[in-house]
Amino acid sequence: MELVRFALKFRKSFYVLAVLMLLAGLGSIAVAPKDVLPAVDIPVVVVVWTYNGLNATDMVQRITNYSEFSLSSNVNNIRRIESTSIQGTVTERIYFDSAVSIDLAMTQVDSAMNAIRSRMPPGVQPPVIMRFSASSVPVIQMALSSSKLPLTKVFDYAQYRTRRRLAEVPGSTLPSPYGGAPRQVMVDLDPAKLRAIGMTPLDVLNAVLKQNLVVPSGLAKIGTQQYTVRLNSSPQLVDQLNRIPIKVENNQPVLLRDVAHVRDGSPPQINIVRADGHHSVLLQVLKNGAASTLDVVNAVKAALPDIHAAAPKGMTITPLFDQSVFVSDAISDVVREAAIAAGLTGLAILLFLGSWRSTIVVLVSIPLCILTSLSILVALGQTINVMTLGGLALAVGILVDDATVAIENTYRMFEEGFSFRRSVVEGVAGIAKPALISTLAICSAFSAVFFLTDAPRYLFVPQAEAVVFAMLTSYLLSRTLVAILIDVLVAPEYARHHGGAAAAVDGVSPTRRRSIPGRILGFATRPVGWVLRYPLRGALAFRNAFERGFARFHAGYFGLLSAVLGHPARALCGALAVFAVTAAIFPFVGQDYFPQIESSQMTLHIRTRPGERIEQAEKTFAQVENVVRQVVPKDELGLILDNIGLPASNYNFAFMDASFVAYNDGQMLINLKGEHKPISFYEQRLRRVLRQAFPDDIFYFQPSDIITQILNFGTVAQIDVQVSGRHDAEDLAVAQDLVRRIATVRGGVDVHLHQIVDAPQMYVNVDRRLASEMGVSEQSIAQNLNVSLSGSFQVSPNFWADPKSGMPYQLWVQTPEWRNADIAQLMNTPVSVHATAHDRPGIPILLSNIATMQRQPEQTVINHVNQQPTFDILANVQNADLGSVRNAVDRIVADEQVRLPAPDKILVRGQIESMESAFSRIELGLGIALVAVYLLLVLNYQTWVDPFVVIAALPLAFCGIVMSLFITSTAFSIPALFGAIMSVGVASANSILLVTFAKEHREATGCSAREAVLMAGHTRLRPVLMTASAMFLGLIPMAIGAGEGAEQNAALARAVMGGIGMGTVSTLLFVPLLYTLLCRNPVKPLEDY
């Protein structure tokens, strides 16, 4: 009560406080980063090793195993190590405990990698070590093409010009371009000429290394001057490399052009990008974890005019897949829904109170609470995103609860004949304690969210904090600013309805001089009253009809409550019937990790036959494009972008998921435009059509919306069944059986084995005895094959600097692919030279002289999890919930597990693991939250029974949640469980107010429990229905789920609506029944000891 009196005495101070809240909130909105989701700050480090040309088996044996051993021995607090080994590349992801400092973790990883590198093959370069962030996803992409320049030049321009300009954008990360090929100086060997002149590829490489080098010459002091001495150690022009001598034969120099051709070109293409069928270069812009998607994209768009102006003639730069549109629309939709919710809430309050003045008092607290909550979140380092805004939008109805109860209690005292000022003070202060307990009960319920881990924790903790901060602000305002506004705005209304002697005594009369804010408001609303005179008369008539109807409802409720209390056995049977219905429909609700997000993009992953050349894979992609154009109508289909093969720079593996594993692998991004059908409709049709048209190829869809990409945290599919162990043959057999059986599960689609286990391999078997007799070592054979087939750069790096741009480019010695187009040409590779007379060229020793070659299958993708070889069976879900598919998969896994030798095992990962972990933790947290609420109520009531009455009524609210989800065909998911938490808090809040009134009434009058709850129901019916109706109506816009990314908040809103509906019934009927059954003993006020 003292706080209320203090506020009424120093009201200007609270006007200032309200203005500061407003300004702080608006300032926070202006400066805070805006994104679709909060930053997901899970400590993960990615390590990428490169050794060009080394097959996957040797990569595992020579690099992966050493690296994993060093990590497990020298790095602390590792939770899990995952690795993917393919030809020439190893990608490792190290997952740490959540409390680990990522900077310290990266330092330890870097030290461990450098320490173990000495045991790896010669030429292994230091790995790429970077932090992996789930929030670092492509936010905008650019396709570069030219009508005049070759793709190599376009790639070079994107790499060294466009990326350099975009690197200035704060918060952006830029992988190397995709498509085309990097510019390199290529020394194309001619094996026939090498054989004729008696040289090997290694001989040419050694000669080039001697003729193209960077060695400082130094300084020379001549006379009075000091000169720098520079040597032409590296040719200035590429063509000059053709004229460098590599050998002297019969006193005549043999030039490089005699056995090879040096060109300014590119290595064999391993990555192709097609934009609507045209070859292009793709440049992706990723945002850093803490950066704002809107800020990054807007900065990129601001830089585009300069980039266009500087581009060479004929070059086209087209921005693609702008995620800021999705983010902006999602935020705008949530804000619009919140505004509609506030309007509906205001109408509900206006209908129940019948006073526009009181409605304004209530509605003023909504923006102040929201803005204050946002300013606190921004101060804590959070972003403004769909999750926090969605939580605040859902809480609009709850935020008015404290103010509504305060006003209703004040009006009740008006009707009981109390003076105006006494009614204001005691009406607001009289319910301060139960309102505080109910507010704390709601806040305590949200403590369950803090038990979440991984990505869900980073998403839902800020949402819970937003609601809690807004609730606490609402309570503060309801004890201060609300009382002030009642005194300012409601005084004239009180004087008109309660004038006379009582009003005069209190100092309130119809003609008293109003305060300045009251006069300003009166003048401002006078024209509105003139305009709305007739509509207001109609509204008044509707209001009177509502009051008559509510009076009849009130009487009916009182009779129903009396009947419930008079027949407790029947009432309890009715409650049991509700539980029985809930138990019957619960299995049909289903479970999902997160609601499916509808967007305007589809990501189709395509893998053609194992070992197929990238040129053939491109043809398959073109055929798939034609099928897509037949399935998707022309007016709905936008751009189709293909990204085929592996990136030219292995640096890009640090930002990619594990889906790209071979040159016959790729993604097709399909953009829809206009009013289009849901992507789930087209995905289902494409799955059926593509499986029939391309039975030998693998197709599966990946998430394309930014929300699901962040939630998946780099996983390839929704379901990942892992068979791990050291018995490769047995594990593979079980994995293949799992693929076959999971494909028959209802709802399981896109089922495939992630590893490629049957790629064709040419195995060269060297006869070491014969080779040694001919003076040829295995080292010489291996080095010559490496130079000829994989290029010289990995083992013997060499560079040539462009004198115009100053950029260094790699110099490769390699045999062109077309010169090794068949086995005969491959076997004719010279691997050594047998010396002859001094004046004659040596006799080349060919590979066919000392080795045989045979074709055999090879596993080209090898995965490890915690150093254990692993086979991954990947699958998605269609037309079913994840929980039902999980149950079927679990039964299959249990059957297959018995076939594995010990200690091999089968684990179910992906979204299933994340869902089970999140659900179990929320259930644990919710149980602890209920205990916390119960103990809080014990502190308030100083009894063990009354709090039990409040808690015992909550299961009915859960029944309402289940029924609501069942009716709306919404599965249980993390957002739905978050809604259940919110429902628990709201249901307990109304029950607290009812039980508190009954307890206080018994203490004051000494009546029985039955009489007390009848009086409580009679008195509290209007405020309970008013707050419940305001909350329920405020949730309708979000429950509809219209707009970008609205599916997550829709599930939450539907759960809350069900909980509020059934919770209100429980509060008005079941709580009084439990109170009469459990609280029969007389109640006395606490006495001093």
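The values are calculated or read from the model by the stated rules, or taken from the named source; none is laboratory data. Everything numeric here is computed off the predicted structure, so don't read it as measured data. A quick note on method: Cβ atoms are made from the backbone with ideal geometry, for glycine too, and the neighbour counts reach across all protein chains shown.
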Confirm whether TYR178 is surrounded by 22 or more Cβ atoms within 10 Å (Cβ to Cβ), of a type outside the set (Lys, Arg), touching a residue at least 60 places away in the same chain (Cβ under 8 Å) and out of contact with any helix residue (DSSP H, G or I) (no Cβ under 9 Å at 6 or more places or on another chain). no
Which residues, counting only those in segment 186-225, are assigned to a strand (DSSP E or B), in contact with a strand residue (DSSP E or B) (Cβ under 8 Å, 6 or more places away or on another chain) and surrounded by fewer than 22 Cβ atoms within 10 Å (Cβ to Cβ)? ASP188, GLY218, LEU219, ALA220, LYS221
Which numbered condition LYS153 fails, given (1) under 28 Å from the mean Cα position of the chain (by Cα); (2) of a type in the set (D, E, K, R); (3) surrounded by 18 or more Cβ atoms within 10 Å (Cβ to Cβ): (1)
Lone qualifier among PHE713, PHE701 - being at positive phi and within 26 Å of the chain's Cα centre (by Cα): PHE713
Residue count for segment 380-415, restricted to those that are among the acidic types (Asp, Glu) and either outside any helix (DSSP H, G or I) or free of Cβ contacts under 8 Å to residues at least 24 places away in the same chain (or both): 1
Just wondering, is there one or more residues in segment 974-987 that are aromatic (Phe, Trp, Tyr), assigned to a helix (DSSP H, G or I) and surrounded by fewer than 20 Cβ atoms within 10 Å (Cβ to Cβ)? no
Answer residue from segment 615-646, given it is crowded, with 19+ Cβ neighbours inside 10 Å and in a loop (DSSP other than H, G, I, E, B) and is farthest from the chain's Cα centre (by Cα) among those: VAL632
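Results for (1) under 41 Å from the mean Cα position of the chain (by Cα); (2) over 30 Å from THR708 (Cβ atoms); (3) assigned by TED's automatic domain parsing to the domain that holds MET387, shown as yes or no for each residue.
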| position | (1), (2), (3) |
| --- | --- |
| ALA569 | no, yes, no |
| GLY574 | no, yes, no |
| ALA580 | yes, yes, no |
| ALA583 | yes, yes, no |
| SER599 | yes, no, no |
| MET602 | yes, no, no |
| ILE606 | yes, no, no |
Any hit, segment 419-427, residues being in a loop (DSSP other than H, G, I, E, B) and either under 20 Å from ILE349 (Cα atoms) or at pLDDT 85 or above (or both): no
Residue list for segment 69-100, restricted to those being under 26 Å from the mean Cα position of the chain (by Cα), free of Cβ contacts under 8 Å to residues at least 40 places away in the same chain and assigned to a loop (DSSP other than H, G, I, E, B): ASN77, ALA99
Consider segment 248-270. How many of its residues are out of contact with any Lys or Arg (no Cβ under 9 Å at 6 or more places or on another chain) and on the phi > 0 side of the Ramachandran plot? 1
Considering only segment 574-614, how many residues are within 24 Å of HIS754 (Cβ to Cβ) and in a helix (DSSP H, G or I)? 1
Filter segment 353-367 down to the residues that are of a type in the set (A, V, I, L, M, F, W, C) and surrounded by fewer than 23 Cβ atoms within 10 Å (Cβ to Cβ), then identify the one that is farthest from LEU485 (Cα to Cα). LEU353
Identify the residue in segment 998-1027 that is among the hydrophobic types (A, V, I, L, M, F, W, C) and without any contact (Cβ under 8 Å) to a residue 40 or more places away in the chain and, among all such residues, is farthest from THR943 (Cα to Cα). MET1015
Residue that is farthest from the chain's Cα centre (by Cα) [pool: residues in segment 127-148 that are at pLDDT below 90 and in a loop (DSSP other than H, G, I, E, B)]: LYS148
Say whether the condition of being outside any helix (DSSP H, G or I) and under 24 Å from the mean Cα position of the chain (by Cα) is met by at least one residue in segment 292-304. yes
Working only within segment 850-887, note down all residues that are part of a helix (DSSP H, G or I) and either over 27 Å from the mean Cα position of the chain (by Cα) or under 18 Å from ALA56 (Cα atoms) (or both). ILE850
Failed criterion for GLY346 (all others in (1) farther than 23 Å from PHE553 by Cβ; (2) surrounded by fewer than 24 Cβ atoms within 10 Å (Cβ to Cβ); (3) touching a Leu at 6+ places or on another chain (Cβ under 7 Å); (4) of a type outside the set (A, V, I, L, M, F, W, C) hold): (1)
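A quick yes/no check of all residues on (1) over 44 Å from the mean Cα position of the chain (by Cα); (2) in contact (Cβ under 8 Å) with a residue 12 or more places away in the chain; (3) over 20 Å from VAL238 (Cα atoms); (4) buried (at least 20 other Cβ atoms within 10 Å of the Cβ):
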residue	(1), (2), (3), (4)
ARG769	yes, no, yes, no
GLU773	yes, no, yes, no
ILE781	yes, yes, yes, yes
LEU789	no, yes, yes, no
GLN794	no, yes, yes, yes
TRP800	no, yes, no, yes
GLY806	no, no, no, no
TRP812	no, yes, no, yes
If you check SER419 against the conditions, is it surrounded by fewer than 24 Cβ atoms within 10 Å (Cβ to Cβ) and either over 29 Å from ALA393 (Cβ atoms) or not assigned by TED's automatic domain parsing to the domain that holds VAL400 (or both)? yes
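Condition check ((1) buried (at least 18 other Cβ atoms within 10 Å of the Cβ); (2) assigned by TED's automatic domain parsing to the domain that holds LEU572; (3) within 19 Å of PHE972 (Cα to Cα)) across all residues:
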position: THR1005; (1), (2), (3): no, yes, no
position: THR1019; (1), (2), (3): no, yes, no
position: VAL1024; (1), (2), (3): yes, yes, no
position: LEU1033; (1), (2), (3): yes, yes, no
position: ARG1054; (1), (2), (3): yes, yes, yes
position: LEU1068; (1), (2), (3): yes, yes, no
Number of the condition not met by PRO610 [criteria: (1) more than 30 Å from the chain's Cα centre (by Cα); (2) in contact (Cβ under 8 Å) with a residue 24 or more places away in the chain; (3) under 17 Å from ALA275 (Cα atoms)]: (3)
Need at least 3 residues that are in contact with a Phe, Trp or Tyr (Cβ under 7 Å, 6 or more places away or on another chain) and farther than 30 Å from GLN141 by Cβ per element, so show me which strands (runs of 3 or more DSSP E) inside segment 227-279 make the cut, counting only ones lying wholly within it. none
